[in-house]
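Undergrad: Just dropping this structure here.
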Amino acid sequence: MSWKVQPPVALRALFPHTLWRKKEEGKTLYLTFDDGPVEKETSWVMNLLDEYNIKATFFCVGENAHKNAHIMDELLKREHSVGNHAYNHLPAWKCSRKEYFNNIEKAKPFIPGALFRPPHGQLYPWYIGELKQQFKHIVMWDVLSMDYDNRLTQKDVLNNVLQYTRNGSILVFHDSKKAWDRMHYALPASIEKLLEEGYQFKKLEV
């Protein structure tokens, strides 16, 4: 389980020129959210972040951004960062190279900016060069909350975050229906505890 929550150095080394963790002098963290925007979950997350005056980064599925353009507009209005997560959340290991890049391209009209996160975290190292021609940063993660896994309890997800978070960590939650029960509990509890520990939160910027 631990290698899923916090990928080992050896795995990260297989994917050069990708961003797993930021080098920061202070106690700084980067909250990121995958798979939105959707009406209930993304709106709830935005309102929660407003309570703490936190800016975050949302890696959006193009299909959801297309259907929920008003939520995308609200993310940008509230000055969060957004990134491309492909149009149909298409995993690299289950499609051709052409299908993969076409799906990313299809999402671009609905998701501005130059950040990309591969759906399901799946990426072939030999895709990186082409992706870097299109995006400033290919963003992976340092701590995966695993809030999408219904085998875990709410407290399991919270413990994943609190146990593995460190300075410069890029944290992943999911603003999705699948993750809602665990995210709804673990996100505010994580924010409260990490703020108590002296961390500050920033969004990823190009």
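Undergrad: How about the stretch 45-93: which GluC sites (Glu not before Pro) there lie in a loop by DSSP and see at most 12 other Cβ atoms within 10 Å?
TA: Glu79
Undergrad: Under the classification rounded if a/c is under 1.5, otherwise prolate if a/b is larger than b/c and oblate if not, where does the stretch 1-115 fall, given a ≥ b ≥ c as square roots of the Cα gyration tensor eigenvalues?
TA: Oblate shape, in that a/c is at least 1.5 and b/c is the bigger or equal ratio.
Undergrad: If packing is taken as the average count of other Cβ atoms within 10 Å, what order do 122-128, 188-194, 166-172 fall into, highest mean first?
TA: 166-172, 188-194, 122-128
Undergrad: For the stretch 1-145, calculate the relative contact order in percent as a whole number, restricting contacts to Cα pairs under 8 Å that are 6 or more residues apart.
TA: Relative contact order for the stretch 1-145 comes out at 28 percent.
Undergrad: Further, regarding this structure: Taking the Cβ of Ile71 as the center, what net charge do the other residues with Cβ under 12 Å away carry, scoring Lys and Arg +1 and Asp and Glu -1?
TA: With Lys, Arg at +1 and Asp, Glu at -1, the neighbours total -1.
Undergrad: Then there is this: Given the rule -39500 (n - 2.57) for each run of at least 4 DSSP H residues, summed and divided by the residues of the chain, what is its mean residue ellipticity at 222 nm, to the nearest 500 deg cm²/dmol?
TA: -11500 deg cm²/dmol
Undergrad: Share of the stretch 1-159's accessible area from carbon and sulfur, percent, 1.4 Å?
TA: The C+S portion of the solvent-accessible surface of the stretch 1-159 is 52 percent.
Undergrad: While we're on this one: With the chain treated as a Gaussian network of Cα nodes joined by springs under 10 Å, which of Pro91, Pro119, Pro16 yields the largest mean-square fluctuation?
TA: Judging by the Gaussian network model, the answer is Pro16.
Undergrad: Across the stretch 74-171, how many lysine pairs separated by 8 or more positions, or lying on different chains, have Cα atoms within less than 19 Å?
TA: Lysine pair count for the stretch 74-171: 9.
Undergrad: What number comes out for accessible area per residue over the chain if the probe is 1.4 Å? Units Å², please.
TA: Value for the chain: 48 Å² per residue.
Undergrad: With a 1.4 Å probe and all protein chains in place, put Cys95, Cys60 in order of accessible area, largest first.
TA: Cys95, Cys60
Undergrad: For the stretch 64-156, what is the largest minus smallest coordinate of the Cα atoms on each principal axis, given in angstrom and ordered from greatest to least?
TA: Sorted from largest, the Cα extents of the stretch 64-156 read 40, 32, 23 Å.
The values are calculated or read from the model by the stated rules, or taken from the named source; none is laboratory data. What you see is a predicted model; the values in this text were computed from it and never measured. Cβ coordinates were reconstructed from backbone atoms using ideal geometry, including for glycine residues, and neighbour counts include every protein chain displayed. We work out accessible area using only protein heavy atoms, side chains counted, and drop any ligands, DNA or RNA first. Shrake-Rupley method; radii C 1.70, N 1.55, O 1.52, S 1.80 Å.
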